[in-house]
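Any read-out appearing in this document is the output of simple, stated calculations on the displayed coordinates, not a laboratory observation. Since the structure is predicted, the reported quantities are computational estimates derived from the model, not experimental observations. Here the Cβ is made from the backbone with ideal geometry for all residues, glycine too, and neighbour counts use every protein chain on show.
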Amino acid sequence: MKKRVIGIGETVLDILFKNDQPQKAVPGGSTFNSIVSLGRAGVPCIMVTEVGGDHIGDMICKYLTDNGVSDEYVCRHAGTKSHITLAFLNEHNEAQYSFYKDHASAALDGRLPEIRHDDVVLFGSFFAINPTIRPAVRTLLLNARQAGAWMYYDINFRKTHIPDIPNVLAHIEENMQLADVVRGSKEDFEYLYGLHEADAIYDRVKPFCETFILTDGARSVRLYTSNGCETFPVQPIETVSTVGAGDNFNAGYIYAMLQGMETPAERIEMAQRWSQDVCRQIGNNISDELVSRLRTIFSA
């Protein structure tokens with residue numbers, strides 16, 4: 001049976017602005033972006049999320065299925081509105097975000113998937129630590145760990161949630177302990193622990209998870225394992241938008257693993273390839289051109 005990737009995360013409608021003018025509206029969310037790109041690349045995917053019972057919710061479900069992702073486990077809530085995020089691109093095409101969502105009203109009360117030992121589980125962001133839905137998310141994650149699924153956790157902690165740290169830090173650390181791979185940015189650890197130096201960050205992560213990917217925008221990627229640390233430079237490119245860059249890094253890393261790429265260099269190279277592809281366009285997911293190249297390479 002072909003491996004499935006199960007994404008657990010929030011879903012929003014992203015509206016992208018350049019020079020204060022709207023450029024594109026597309027369904028998004030950190031895990032959502034990863035899962036859609038994997039679905040576009042032909043990987044069997046499931047998205048576990050919640051949306052409103054509104055037109056935006058309809059758009060989101062259609063976007064999933066149009067890109068080969070099952071919407072069977074999307075919780076729809078009648079009478080509620082789906083979340084919206086505004087992404088404002090600056091002169092460097094880096095995004096600044098404004099979020100329009102009510103985390104306290106989130107509910108994950110629909111049917112949830114039975115996770116198998118050969119599944120891959122991708123989870124992260126505030127959805128994975130939100131106290132309102134933490135019991136349901138935690139049950140899913142514990143079931144995945146018990147089943148022997150391979151688990152990838154993207155911390156992706158936003159500055160707006162700094163006041164929540166006392167209530168969610170234990171959830172973050174439990175998530176790290178459940179994961180096979182943890183990815184975080186330097187920003188995440190500045191917010192969470194006040195740490196800036198890479199080795200000090202790994203010292204904090206290592207007791208929970210030995211395999212850790214540390215990203216730092218356009219600067220080098222560090223991969224820590226029990227064998228030490230490897231550094232991978234990031235190729236300079238002309239960026240159109242940074243929206244979805246980290247999400248597609250995650251997706252590319254998982255795709256490389258699913259294709260049997262065993263070495264860290266191969267996996268990080270694929271992760272960077274997916275991330276940079278998204279940065280060259282306005283949108284949240286890998287391009288038709290990259291999808292075509294991947295299918296040519298891996299169907300041969």
From the backbone phi of segment 232-248, what are the Karplus-calculated ³J(HN,Hα) couplings (6.51 cos²θ - 1.76 cosθ + 1.60, θ = phi - 60°) in whole Hz, Gly and Pro given as x? 10, x, 9, 5, x, 9, 7, 8, 9, 7, 9, 5, x, 4, x, 4, 7
Among 121, 200, 275, pick out the residue whose Cα is farthest towards the positive end of the charge dipole of segment 5-294, where Lys and Arg carry +1 and Asp and Glu carry -1 on C-beta, about the Cα centre. 121
List the relative contact order of the chain as a percent without decimals, with contacts defined as Cα pairs under 8 Å and 6+ residues apart. 16 percent
What is the fewest-to-most order of 240, 5 by other Cβ atoms lying within 10 Å of their Cβ? 240, 5
Please report 85, 231 as a ranked list, fewest other C-beta atoms within 10 angstrom at the top and most at the bottom. 231, 85
Sum -39500 (n - 2.57) across every DSSP H segment of at least 4 residues in the chain, then divide by the residue count to get the 222 nm mean residue ellipticity, nearest 500. -11000 deg cm²/dmol
Using DSSP loop states and a limit of at most 11 other Cβ atoms within 10 Å to flag trypsin sites (Lys or Arg not before Pro), what is the longest stretch of the chain containing no flagged site? 112-300
To the nearest 20 debye, what is the magnitude of the charge dipole of the chain about its Cα centre, counting +1 on the Cβ of each Lys and Arg and -1 on the Cβ of each Asp and Glu? 460 debye
Which one, 239, 6, 22, is farthest towards the positive end of the dipole of the chain when Lys and Arg carry +1 and Asp and Glu -1 on their Cβ? 6
Longest DSSP-loop-exposure-free segment, GluC sites (Glu not before Pro), the chain, at most 12 other Cβ within 10 Å: 1-90
